1. Can you pull out every residue in segment 172-204 that is modelled with pLDDT of 95 or more and either acidic (Asp, Glu) or touching an Asp or Glu at 6+ places or on another chain (Cβ under 9 Å) (or both)?
2. Restricted to segment 87-135, and to residues that are among the β-branched types (Val, Ile, Thr) and free of Cβ contacts under 8 Å to residues at least 40 places away in the same chain, which residue is farthest from Pro157 (Cα to Cα)?
3. What is the one condition in (1) open to solvent by less than 30 Å² (accessible area, probe 1.4 Å); (2) touching a residue at least 24 places away in the same chain (Cβ under 8 Å); (3) not in a strand (DSSP E or B); (4) not aliphatic (A, V, I, L, M) that Phe82 does not satisfy?
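The values are calculated or read from the model by the stated rules, or taken from the named source; none is laboratory data. Bear in mind the structure is a predicted one, so any value in this text is a computation, not a measurement. Quick reminder, even Gly has a Cβ in these numbers, built from the backbone with ideal geometry, and neighbours come from all protein chains shown. Heavy atoms of the whole protein, side chains included, go into the accessibility calculation; ligands, DNA and RNA do not. Shrake-Rupley method; radii C 1.70, N 1.55, O 1.52, S 1.80 Å.
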Amino acid sequence: MSGRAARPLAAALAVVAVLVLPRLDVPHLSGSDGARLGSSPPARPAKGPCVLRADRLVLRGARFRGVVSLRTGTGSVRALKFTVRSLDAVNLDLTAGRGRSAMRLRARPATTSTLKGPGTGGVTTIYVRRLTGRVTGLGGSPLPADRTVSVTPDAVPRWLSHPATRTRTITLAAATASQITQFGGRLSIKGPQLRTTRRAPHGA
């Protein structure tokens with residue numbers, strides 16, 4: 001599989017047992033201060049929203065990289081950027097698209113799905129438009145007073161954005177990551193169940 005192939009995380013829904021998620025190519029990433037963070041070939045527009053839900057979401061070796069601007073084929077969007085060593089999702093529920101074209105992938109109940117960066121010590125880059133849930137762990141750091149969070153490019157809590165924050169493990173309960181895309185890594189799911197929400201046309 002070519003490392004230059006550009007697809008949203010929704011491409012994972014096409015594979016049933018072990019998902020290999022290719023990178024999303026983004027031609028320009030700029031932080032909120034305008035500093036250039038990186039570049040790559042032109043992006044393909046996402047085919048639809050991709051929403052990840054989990055009873056528990058654990059971002060290991062996570063570092064918040066700021067708010068970036070992603071230029072896609074349909075225009076620029078702002079997103080939260082994270083790098084993680086791995087991501088664990090308990091009771092993964094992944095939906096891609098909307099309406100009749102939506103697809104849903106669910107892991108077997110009481111299992112943990114894992115996204116790992118490439119190689120030993122590799123990292124995966126994740127972009128997300130909104131991250132919600134209840135903070136239950138910050139790698140040993142004190143938990144925020146308000147543990148129920150809704151993080152967006154316009155609402156980043158200080159415990160996440162503080163410049164002195166080190167790489168750490170972030171744990172969220174009842175988590176939802178909306179319009180999530182990843183860059184590199186492999187996602188393994190146990191007992192995946194894939195279905196579509198297509199319905200017959202009215203009157204058929």
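1. Let us first name the residues in segment 172-204 that are modelled with pLDDT of 95 or more, namely 172-177.
Once the filter is applied, which keeps residues that are modelled with pLDDT of 95 or more and either acidic (Asp, Glu) or touching an Asp or Glu at 6+ places or on another chain (Cβ under 9 Å) (or both), segment 172-204 yields Ala173, Ala174, Ala175.
2. Just the residues of segment 87-135 that are among the β-branched types (Val, Ile, Thr), to begin with: 90, 95, 111-112, 114, 120, 123-126, 128, 132, 135.
Subset that is free of Cβ contacts under 8 Å to residues at least 40 places away in the same chain: 90, 120, 135.
Details: Val90: 24, Thr120: 31, Val135: 12 Å.
The selected residue is Thr120.
3. All conditions are met except number (3).
Listed here are the residues, each with its yes/no results for (1) over 15 Å from the mean Cα position of the chain (by Cα); (2) open to solvent by 30 Å² or more (accessible area, probe 1.4 Å); (3) under 20 Å from Arg56 (Cα atoms).
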position	(1), (2), (3)
Arg129	no, yes, yes
Thr132	no, yes, yes
Arg147	yes, yes, yes
Gly184	no, no, no
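Residue-wise test of (1) part of a loop (DSSP other than H, G, I, E, B); (2) under 16 Å from Ala89 (Cα atoms); (3) touching a His at 6+ places or on another chain (Cβ under 7 Å).
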residue	(1), (2), (3)
Thr114	no, yes, no
Gly121	yes, no, no
Leu131	no, yes, no
Arg134	no, yes, no
Pro142	yes, no, no
Asp146	yes, no, no
Val151	no, no, no
